[in-house]
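One structure is given here, and the rest of the page talks about it.
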Amino acid sequence: MRQLRVYQTQAVVIKQTGLGEADKILTLFTPDLGKVKAVAKGVRRPGSKLGGAVEPLTHSLMTLAKGRNLDIVTQSQIIDGFATLKSDLWKVSCGFYVLELVDAFAVEGSANRDMFELALDAFRYLCQDEDGGDTILRHFELHLLSMVGYCPQLHRCVGCSSSIGSQRNFFSAEQGGLLCSCCGSRDGSSHILSLRALKVLRLWQKSSYPEASRVKVDGKLAEELQQVISQYIRYILQREVKSTKWLQELKKFAVDNTRRGVYNARQSSKTVSDERKLCRLITPGLSKKFNA
Amino acid sequence: MIAVAKPLERLASELSKLPGIGPKSAMRLAYHLLYSPQEQSTALAEAILSMKERIKFCPVCFNFADGDSCPICQDERRDPSTICVVESPSDIVPLERMGRYKGLYHVLHGTIKPTQGVGPDELRISELMSRLQEGKVTEVIMATNPNVEGETTAMYLCRLITPLGIRVSRLARGLPFGADLEYADDVTIGQAFEGRQDL
Ligand SMILES: [Zn+2]
Ligand SMILES: [Zn+2]
Ligand SMILES: [Zn+2]
């Protein structure tokens with residue numbers, strides 16, 4: 001069949017690399033073609049028509065022309081620039097993390113409308129979010145894993161198929177699910193999973209984000225959930241997810257600052273609610289400290 | 001294929017590694033040097049070697065420098081109370097061409113790129129912070145590029161610097177001169193709106 005010379009698609013730019021003096025090579029994520037590599041010409045010059053419409057973390061409607069090697073972006077119209085996300089250090093960093101996972105799991109030339117919607121939803125929820133984004137990321141990860149065939153088994157032991165009770169359970173990244181206490185204690189690579197974490201994971205795995213966000217998660221539980229899922233993802237990819245390090249650095253940085261009293265020192269000129277807002281900009285969990 | 005003498009081919013293949021030079025122009029340049037006087041080739045070869053030997057990073061601002069510190073850091077007429085933060089040495093050129101900025105610079109040598117594992121440790125950020133800790137600086141101007149990574153870097157630095165009691169400003173963002181409002185994206189319009197000024 002003859003291929004169309006020009007086509008239109010929704011797209012989110014995953015990443016850009018410079019090409020020559022004025023051009024960029026884009027990695028796009030699209031609903032029907034999966035990942036697509038394309039050239040955006042002249043975008044590094046100020047005043048380029050494409051400009052902000054080919055930046056990462058932007059949902060656009062693009063027109064592309066089939067090229068010999070790479071397709072060429074001829075037009076790009078922004079559907080949502082996620083401005084709220086981009087103007088907040090923590091949120092934009094969460095956005096980068098989502099992009100990195102999409103880049104790792106999406107496939108070139110293979111349709112994945114569900115994953116496309118899932119990523120857009122994550123960006124939208126991050127824009128609206130008031131609590132810091134941890135639940136958004138975990139919900140995104142769990143559903144992404146299901147879409148690519150790595151849904152973790154959370155109801156039966158992956159070792160002996162026995163049903164899981166309220167005794168001590170383990171999670172095995174290698175086997176992609178829960179281990180009962182006897183299988184788990186024999187498997188040195190698995191880690192204990194608390195009953196609270198198990199219940200939350202089971203609920204999030206089958207619910208939409210608005211439902212998932214109703215679960216109250218304290219700092220310790222949030223950390224356990226983050227660790228168990230990121231160990232699993234690291235095992236699947238056989239490498240680190242690079243943005244994780246940056247997210248952890250931002251969290252640590254915010255905690256150090258509060259400890260040093262940097263923000264308290266300025267409290268005289270600001271109301272407490274301003275202060276809480278300031279901290280929420282940096283990281284989740286801190287707003288709770290100010291309530292205490 | 002046309003047979004070309006080996007030394008000529010070798011030069012052409014080196015030249016074609018330069019940006020914007022294809023195999024044809026490379027061969028043209030190689031022939032040009034072959035036909036031109038010996039001194040011209042010697043001068044060019046020496047200029048390249050001495051540039052590679054002598055240009056180092058300025059130990060203060062990490063601009064390119066010949067010798068100890070860069071010409072800007074050495075210039076006593078520059079105002080040491082202001083530091084303009086840029087991504088790369090080449091970003092200093094247009095700011096100097098404008099001619100209105102009299103302060104100093106600090107070159108980060110990149111931006112934070114979370115998905116590529118480029119964090120603060122890979123940039124000249126701790127060096128910037130020790131310059132600020134000396135207490136002479138009252139304003140830091142963020143001149144990182146107005147894209148997602150440049151903005152992320154600027155927001156991070158602002159978090160680091162503000163607690164020191166130093167004013168942090170950002171180059172005005174928004175609509176480029178000659179832009180059409182109709183085609184501007186919501187991020188750009190939002191920034192232009194927030195950065196509006198009295199007429
Ligand atoms: Zn078992
Ligand atoms: Zn068992
Ligand atoms: Zn210098």
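The values are calculated or read from the model by the stated rules, or taken from the named source; none is laboratory data. All values reported here derive from a predicted model rather than from experimental measurement. Every residue, glycine as well, gets a Cβ built from its backbone with ideal geometry; the counts of neighbours run over all protein chains shown. The protein model used for the area step is the full one, side chains on, heavy atoms only, and it has no ligands, DNA or RNA in it. Shrake-Rupley method; radii C 1.70, N 1.55, O 1.52, S 1.80 Å.
When every residue of region B:148-156 is checked against the conditions, none turns out to be open to solvent by 60 Å² or more (accessible area, probe 1.4 Å) and either more than 27 Å from residue A:100 (Cβ to Cβ) or not in a strand (DSSP E or B) (or both). Identification of strands (runs of 3 or more DSSP E) wholly contained in region B:10-124 with 2 or more residues that are more than 16 Å from ligand 3 (Cβ to nearest atom), within 14 Å of chain A (Cβ to nearest Cβ) and out of contact with any Cys (no Cβ under 7 Å at 6 or more places or on another chain) yields no element.
State yes or no: is residue A:40 within 20 Å of the chain's Cα centre (by Cα), among the aliphatic types (A, V, I, L, M), open to solvent by less than 10 Å² (accessible area, probe 1.4 Å) and more than 9 Å from chain B (Cβ to nearest Cβ)? So residue A:40 fails the test. If you go through region A:86-118 and keep only what is within 14 Å of chain B (Cβ to nearest Cβ) and among the small types (Gly, Ala, Ser), you end up with A:87, A:93, A:95, A:104, A:106. Scanning region A:62-82 for residues that are away from chain B (no Cβ under 12 Å) and not small (Gly, Ala, Ser) gives A:62, A:63, A:64, A:66, A:68, A:69, A:70, A:71, A:72, A:73, A:74.
Restricting attention to region A:234-250 and to residues that are touching a helix residue (DSSP H, G or I) at 6+ places or on another chain (Cβ under 7 Å) and polar (S, T, N, Q), the residue that is most open to solvent (accessible area, probe 1.4 Å) turns out to be A:244.
The C-beta contact set for region A:125-153 (first residue under 19 Å from residue A:178 (Cβ atoms), second residue assigned to a helix (DSSP H, G or I) and polar (S, T, N, Q), distance under 6 angstrom, 6+ apart or interchain) comprises A:142/A:205. The residues listed here are A:30, A:17; of these, the one that is without any contact (Cβ under 8 Å) to a residue 12 or more places away in the chain and either more than 14 Å from chain B (Cβ to nearest Cβ) or under 25 Å from residue B:18 (Cα atoms) (or both) is A:17. Right, residue A:103: more than 16 Å from ligand 1 (Cβ to nearest atom), at pLDDT 95 or above and surrounded by fewer than 17 Cβ atoms within 10 Å (Cβ to Cβ) or not? Answer is yes for this residue.
Across region B:125-173, the qualifying residues are those that are over 21 Å from the mean Cα position of the chain (by Cα) and facing chain A (nearest Cβ under 10 Å), and the one among them that is farthest from residue A:241 (Cα to Cα) is B:165. Among the criteria (1) surrounded by 16 or more Cβ atoms within 10 Å (Cβ to Cβ); (2) outside the structural domain of residue B:157 (by TED's automatic domain parsing); (3) of a type in the set (Val, Ile, Thr), the one residue B:42 does not fulfil is (1). Every condition in (1) within 16 Å of ligand 2 (Cβ to nearest atom); (2) surrounded by fewer than 20 Cβ atoms within 10 Å (Cβ to Cβ); (3) among the polar types (S, T, N, Q) holds for residue A:77 except the one numbered (1). Applying the set (1) in the same structural domain as residue A:201 (by TED's automatic domain parsing); (2) without any contact (Cβ under 8 Å) to a residue 60 or more places away in the chain to residue A:64 leaves exactly one unmet item: (1).
A quick yes/no check of all residues on (1) in the same structural domain as residue B:93 (by TED's automatic domain parsing); (2) open to solvent by 50 Å² or more (accessible area, probe 1.4 Å):
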residue: B:13; (1), (2): no, yes
residue: B:26; (1), (2): no, no
residue: B:47; (1), (2): no, yes
residue: B:73; (1), (2): yes, no
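Being in contact with a Gly (Cβ under 6 Å, 6 or more places away or on another chain) and either among the hydroxyl-bearing types (Ser, Thr, Tyr) or open to solvent by less than 20 Å² (accessible area, probe 1.4 Å) (or both) holds for only one residue in A:58, A:63, A:27, and it is A:58. So for region B:120-140 (the condition being away from ligand 2 (no atom under 16 Å from the Cβ), modelled with pLDDT under 95, over 24 Å from residue A:44 (Cβ atoms) and buried (at least 16 other Cβ atoms within 10 Å of the Cβ)), does at least one residue qualify? Yes, region B:120-140 contains a residue that is away from ligand 2 (no atom under 16 Å from the Cβ), modelled with pLDDT under 95, over 24 Å from residue A:44 (Cβ atoms) and buried (at least 16 other Cβ atoms within 10 Å of the Cβ). Residue check: is residue B:57 touching a residue at least 60 places away in the same chain (Cβ under 8 Å) and either in contact with a Phe, Trp or Tyr (Cβ under 9 Å, 6 or more places away or on another chain) or surrounded by fewer than 18 Cβ atoms within 10 Å (Cβ to Cβ) (or both)? It is false that residue B:57 is touching a residue at least 60 places away in the same chain (Cβ under 8 Å) and either in contact with a Phe, Trp or Tyr (Cβ under 9 Å, 6 or more places away or on another chain) or surrounded by fewer than 18 Cβ atoms within 10 Å (Cβ to Cβ) (or both).
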